[in-house]
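Undergrad: My questions all concern the structure below.
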Amino acid sequence: MKSYFADFAAFFPGAAGSAFAPLALEIEDQSARHSDHAGAVRSDGSRGETHFHVRLVSPQFEGLSRVERQRRVHAALKDELAGPVHALSLTLLTPQEG
């Protein structure tokens with residue numbers, strides 16, 4: 001069985017920092033907005049930390065399409081997205097856009 005970070009908001013800055021060298025990073029736990037559907041319940045029966053919005057500004061995104069930026073973030077987070085995180089909304093910007 002894989003081990004997942006219990007606190008995605010604490011985990012993400014380290015993962016993003018090593019992969020994307022962010023100039024700005026905002027993480028919003030939106031789980032409470034989705035508490036009425038099955039995706040809000042984790043595999044252990046607990047609730048919360050299942051839905052997030054992340055705003056990330058990084059020079060690593062320069063020259064990349066919006067889709068490619070998302071692919072790279074999803075690849076960096078593949079284990080977390082296979083586990084406790086049910087939904088991840090991303091706003092990924094270059095320094096000029098952010």
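Each reported figure results from applying straightforward, stated rules to the coordinates on display, with no laboratory input. Quick caveat, the model's predicted, so the values are computed rather than measured. No Cβ is skipped: glycine too gets one built from the backbone with ideal geometry, and neighbour counts run over all protein chains shown.
Undergrad: First select every other residue whose beta carbon is under 14 angstrom from the beta carbon of residue 69; then total the charges, Lys and Arg +1, Asp and Glu -1.
TA: Taking every other residue near residue 69 into account, the sum is +1.
Undergrad: Near residue 93, within a Cβ-to-Cβ distance under 12 Å, what is the net charge of the other residues, with Lys and Arg +1 and Asp and Glu -1?
TA: Charge balance near residue 93 sits at 0.
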